[in-house]
Every structure is written in C-alpha cells, then in structure tokens.
C-alpha cells in the first residue's frame with residue numbers, strides 16, 4: 001500500500017479527474033495540455049496502481065465509460081484535488097481581514113516615532129487581528145534576524161544594511177528646532193547666539209550623553225551650546241519641551257506632529273538632511289503578507305510629505 005501511495009503523483013490524479021469529466025481521451029488530453037499518447041501512458045499506470053480497468057470503450061464507439069470503481073473514486077478525488085489546490089495556493093494568499101499574523105519591525109526610536117502613528121491605524125483598518133511589534137534593532141545581527149524571520153522589516157540608514165538584503169529609500173528628512181509655545185524668547189526666527197545661549201534637550205539613543213552631531217557641527221564654527229537635559233526616548237521630548245524652556249533640534253517629521261504645543265524653526269546652522277531606508281530579506285520577496293506590509297510602510301511615510309517621501313518599491 002505504501003509503495004502504491006508513493007507511486008502516485010499530481011499528474012496521475014489530474015489525468016483520472018480529466019477522464020472522469022470528459023470520458024474522452026482526446027478531450028482529456030486537451031484539458032491537460034498533453035499528447036494523447038502521454039495520456040494513454042498515464043491511464044495504463046493508473047490501471048496498474050488501482051488494479052482496475054477504470055475506463056472501457058463506450059458501446060457507441062465514441063468515448064469511454066468509467067467502471068463502477070472509477071465512478072466511486074470521483075467524489076473523493078474531487079475533494080483531494082481541491083485540498084491540493086488549497087495547499088499549493090496557501091502561501092500565495094493573504095486575507096488581511098482574517099489574518100492573525102504577527103509582524104515585527106526593527107527600528108530605532110526616531111523612525112519608529114515617525115512611522116508608527118500613521119502605520120498602525122492603516123494596519124488596524126485593513127487587518128484588525130494582525131499584531132505589530134516595533135523592536136530595537138541589533139544592527140550587528142540584523143541581516144541574520146531578517147533571514148531567520150525574527151524580524152520582518154528593518155528601518156535604518158543605508159550604512160546599516162548589507163548586500164544580502166533588499167533595500168528601498170523610505171524617506172528623507174531634515175532637522176528643525178522646537179520650543180514650547182509661549183517661550184520667553186518669543187517666536188521669531190532663532191539666531192545662532194540665542195541658540196548657543198539657551199538650554200537644550202538632547203536625545204541620546206545610547207543613554208546619558210550630553211553631546212551629539214549638532215555639537216560637532218557647532219564646534220566646526222568655534223561655537224558650543226548648553227545641553228542641560230539628556231533623554232533616551234523621542235516620545236518624551238514633546239512633554240519635556242512643552243513644560244520647560246529647553247529647546248531641541250530633531251527631525252521635522254517627528255516634531256511637526258506637535259505643532260499644537262510647539263513652535264518650530266529652521267536651526268541657525270547648516271545640518272545635512274538624512275535618509276532612512278527600508279530593508280528586508282530576499283526570501284520574503286514574494287510573500288503576499290510581507291508585500292502587503294511593505295506597501296503600507298511606504299504608503300505611511302509617503303502620506304506625511306507627499307509622493308516625494310519614498311522611492312519605488314523593489315519587487
């Protein structure tokens with residue numbers, strides 16, 4: 001019995017199904033897009049495996065008549081082919097409304113704070129049962145985590161990726177300076193002298209630092225600022241700013257969400273814009289659920305600044 005089972009293949013099952021439906025060798029061969037001689041060879045093999053003639057010439061001389069055994073096989077054969085079809089297509093179907101898939105996006109605090117407020121409502125609107133996790137990336141092992149499926153997507157700078165990953169430009173952003181509405185200095189554009197004299201809030205992703213890239217840019221001009229508050233979370237920055245006289249220079253996509261409580265200005269020194277990139281592993285290229293998520297991520301960032309925000313999504 002085991003040997004007979006292993007000798008069956010999809011081609012034999014489809015041949016039996018076609019013959020039961022058409023009861024004609026010519027029509028069945030055309031349905032399967034094979035030659036009549038190839039179909040006859042399959043029928044011979046089926047007769048050997050099932051120990052039954054299965055089909056005999058029709059009394060009219062046209063077509064074939066199934067034996068009682070062949071007829072008895074048809075209902076289960078139809079179910080088996082349907083199940084095989086479902087099995088083959090399962091990996092190529094994704095129904096957001098019913099999916100309970102868990103997605104993990106690795107991103108540092110900055111891109112996560114920029115992306116999450118738009119992305120999460122989009123996901124929940126289309127896929128109410130899907131779960132989404134933002135995790136802090138281990139950049140040294142991010143390619144391995146993506147390959148193993150521990151992480152679905154990674155958002156970082158171009159330098160954070162590797163040649164083993166697929167990448168697309170996600171968005172470009174510039175730095176702006178913010179203060180609370182009603183700040184004692186007023187709301188006029190800020191000068192470099194004012195900038196250096198005021199207390200600053202700095203976000204230190206590593207924790208506890210009081211200097212960063214802005215201090216390096218000031219040092220090139222022979223200037224320095226006073227950083228009196230260092231925090232590790234972007235989410236805490238608007239709360240501190242709106243309840244103190246500190247100022248802070250952060251990405252504009254993040255700060256513009258808080259215009260109701262913050263005044264935003266161009267900083268009084270030249271700071272280069274930065275590019276964020278979306279990475280994923282090639283093995284997920286054709287996964288329909290993953291493709292759906294990637295498109296939502298790109299759409300979420302492009303909504304914030306118009307179509308210029310994101311580049312084309314590689315396939």
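Numbers below:
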| read-out | value |
| --- | --- |
| Which listed residue, of 261, 270, is more than 16 Å from residue 301 (Cβ to Cβ) and in contact with a strand residue (DSSP E or B) (Cβ under 8 Å, 6 or more places away or on another chain) | 261 |
| Flag for residue 237 being closer than 25 Å to residue 302 by Cβ and part of a helix (DSSP H, G or I) | yes |
| Filtered residue count, region 13-60, keeping only those that are exposed (fewer than 12 other Cβ atoms within 10 Å of the Cβ) and under 19 Å from residue 72 (Cβ atoms) | 3 |
| Any hit, region 62-83, residues being modelled with pLDDT under 90, farther than 30 Å from residue 125 by Cα, assigned to a loop (DSSP other than H, G, I, E, B) and out of contact with any helix residue (DSSP H, G or I) (no Cβ under 9 Å at 6 or more places or on another chain) | yes |
| Residue among 288, 282 that alone is in contact (Cβ under 8 Å) with a residue 60 or more places away in the chain, surrounded by fewer than 15 Cβ atoms within 10 Å (Cβ to Cβ) and in contact with a strand residue (DSSP E or B) (Cβ under 9 Å, 6 or more places away or on another chain) | 282 |
| Among the residues listed as 168, 249, the single one being touching a strand residue (DSSP E or B) at 6+ places or on another chain (Cβ under 8 Å), in the same structural domain as residue 115 (by TED's automatic domain parsing), in contact (Cβ under 8 Å) with a residue 40 or more places away in the chain and closer than 30 Å to residue 279 by Cβ | 168 |
| Scan of region 49-61 for residues that are touching a strand residue (DSSP E or B) at 6+ places or on another chain (Cβ under 6 Å) and part of a loop (DSSP other than H, G, I, E, B), ordered by number | 58 |
| Residue in region 38-48 that is outside any helix (DSSP H, G or I) and assigned by TED's automatic domain parsing to the domain that holds residue 84 present | no |
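The values are calculated or read from the model by the stated rules, or taken from the named source; none is laboratory data. What you see is a predicted model; the values in this text were computed from it and never measured. Note that each Cβ is placed from the backbone with ideal geometry, even for glycine, and that neighbours are counted across all protein chains shown.
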